[in-house]
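Below is one structure, written out as structure tokens; comments come after it.
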Amino acid sequence: MDFKTALEFAEESFLAETKKSPTDLQKKIFEKAFEGKTYEKIAEECNCTDSYVKEVGSDLWRILSSKLGKRVSKKSFRNVFEEYDRSSSSATQPTTKLPEVETRCRQDWGEAPDVSIFYGRTEELTELRRWIVADKCRLVALFGMGGIGKTSLAVKLGKQIQNDFDRIIWRSLDRTPSLNIFLTEIIKFICNEQETNLPPTPSDPISLAIECLNLHRCLLIIDGIEAIMETGKLAGKYREGYQDYGKFFQKAAQLNHKSCVVFTSSEKPQEISLLATRIRQVRFYKIGGLTNEAAKQILLDRELVEEKEWHDFIERYEGNPLALWMISATVVNLFAGKTSDFLKTGTVFLGQVEGVLCEMFDRLTDVEVKVLCQLAVINQPISFSRLRDEISLDISSSVLMNVLESLSGRSLIETEVGQDLFRLQPVIRKYTIARFCQISS
């Protein structure tokens, strides 16, 4: 494919995806990338900073990836374009538009994020699909620390199993709507308003919602439950005025219906563990870091220099996709893309990840902070009995158990498989020390 054809192809794809043409700088970046020039050289020729050119370029590749349904990067775009050119060469009217997916289900994805670029999670998606489609689970909860990819996983899951449902609804609780407002909107969508004479605000929205969930097979995805959880108390308690959400989740778990409610949270509501032990159709899944292979794909997309130190870099951030994505930008900007040079600094750099951690730590109680500081000082996996000996005498064994369960429910401590050992991830330890402890990291 020559440059003129490639540019026309890119402009058509960009226009179809964004309803506007690429900017002059984006066209110039595309032209110079087609010639095989580095971002540094492109920045020099365009009289821009390296970081700005990389940011604009990343946005261009992201938009093209979204339209074409394949990962497009500075290194791969020519191969991707040529593949599409070959596949469309036999058509009378070549087009970049992908075939529409036939689906019988009505969908409302609200403000769900785009997941056309998605890393790994094959095992998680397979397991969750089995729970929801084969095992007919009524309530599935996805837990994990900030940035681990709960929201993206939930959206990707919904997209993959959409044809197994009559209705799909995705909603975020960022704006913390009351349960009445939330369920009234859900009920109207499920029942298509014409199918029932709903009052403006149903007097018993929980019962009516369960009826609707039994009338049609629905997938209701609720993102960010932590927004309605109490701060300054041990994990799992709802904020004042939002306790009815807990009642809704219990009813959705306990009563027979055709549907599945999936929610994501960085904090586990107290009733979920109990429900999961008593009801087979209730499951919760703690999401961990990406596999090495999936994490490496992030580093490739960030155009880091391929090195054997990638393994250590990924391990330092325990496969957290948001952390890897953000810190990779620093590696590119300050260390010429070399993780080996970055790792030589010997520090667990937080950068923009600090903002995510700040939100999580703002929710903690004083006693949780005290335990985290003790774990940060010890800086190695430790048993309950030893931690009890090390901790202050004013914290009883019962209180310590409650605190450790709370921290685990917030995904702020890790437990060693098959052992009663507790530890902190490096980024959690670094932030704890920086914010609360007066010790050397």
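We did not get these values from a lab; they are worked out from the coordinates using the rules stated. Keep in mind it's a predicted model, so treat the numbers as computed, not measured. Methodologically, a virtual Cβ is constructed for each residue, glycine included, from the backbone with ideal geometry; neighbour enumeration extends over all protein chains shown.
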**OP:** Please build a GNM for the chain, connecting alpha carbons under 10 Å apart, and tell me which residue among Arg283, Arg106, Arg386 fluctuates the most.
**Re:** Arg386
Original post:
Where nothing but the Cβ of Lys and Arg (+1) and of Asp and Glu (-1) is charged, how large is the charge dipole of the chain around its Cα centre, in debye to the nearest 20?
Top reply: 720 debye
Original post:
What list of ³J(HN,Hα) values in whole Hz, one per residue of segment 264-277 in order, does the Karplus curve 6.51 cos²θ - 1.76 cosθ + 1.60 (θ = phi - 60°) give from phi, with Gly and Pro shown as x?
Top reply: 10, 6, 8, 9, 8, x, 4, 6, 5, 4, 5, 4, 5, 7
Subject >> Option label - semi-axes √(5λ) of the Cα gyration tensor in Å computed here, alternatives (i) 39, 29, 18; (ii) 39, 34, 17; (iii) 35, 26, 19 >> reply: (ii)
Subject >> Gain on full stretching of the segment that runs from Ile279 to Thr347 - 0.36 nm per residue minus C-alpha separation >> reply: 20.0 nm
**OP:** Starting from the exponent 0.38 and prefactor 2.2 Å, build the expected Rg for segment 136-259 from its residue count and divide its actual Cα Rg by it.
**Re:** 1.07
**OP:** Filter the GluC sites (Glu not before Pro) in segment 1-73 to those in DSSP coil with at most 11 other Cβ atoms within 10 Å of their Cβ, and list the result.
**Re:** Glu35
Subject >> Total charge dipole magnitude, segment 358-407, about the Cα centre, Cβ charges on Lys, Arg, Asp, Glu only, Debye to nearest 20 >> reply: 160 debye
Subject >> Cα gyration tensor category, rounded, prolate or oblate, for segment 220-354 with a/c compared to 1.5 >> reply: prolate
**OP:** With only Lys, Arg, Asp and Glu charged, each at its Cβ (+1 for the first two, -1 for the last two), find how big the charge dipole of segment 106-286 is about the Cα centre; round to the nearest 20 debye.
**Re:** 560 debye
**OP:** Express the relative contact order of segment 199-305 as a whole percentage, based on alpha carbon pairs under 8 Å and six or more residues apart in sequence.
**Re:** 29 percent
Original post:
Using 0.36 nm per residue, how much length does the chain from Lys308 to Glu40 gain when fully extended, once their Cα-Cα distance is taken away?
Top reply: 94.1 nm
Original post:
Which percent, to the nearest 5, of DSSP beta bridges fully inside the chain are antiparallel?
Top reply: 20 percent
Original post:
Are there GluC sites (Glu not before Pro) in segment 299-328 that DSSP marks as loop and that have at most 15 other Cβ atoms within 10 Å, and which are they?
Top reply: Glu306
Original post:
When the Kirkwood hydrodynamic radius is evaluated over all pairs of different C-alpha atoms of segment 287-416, what value in angstrom, to one decimal, is obtained?
Top reply: 16.5 Å
**OP:** Just name one of Ile314, Leu299, Met326: the one whose Cα is farthest towards the positive end of the charge dipole of segment 292-349 (beta-carbon charges, Lys/Arg +1, Asp/Glu -1).
**Re:** Met326
Original post:
Over segment 106-286, what is the mean sequence separation of C-alpha contacts under 8 Å (at least six apart), divided by residue count, expressed as relative contact order in percent?
Top reply: 33 percent
Original post:
Using alpha-carbon pairs under 8 Å, 6+ residues apart, how would you state the relative contact order of the chain in percent?
Top reply: 14 percent
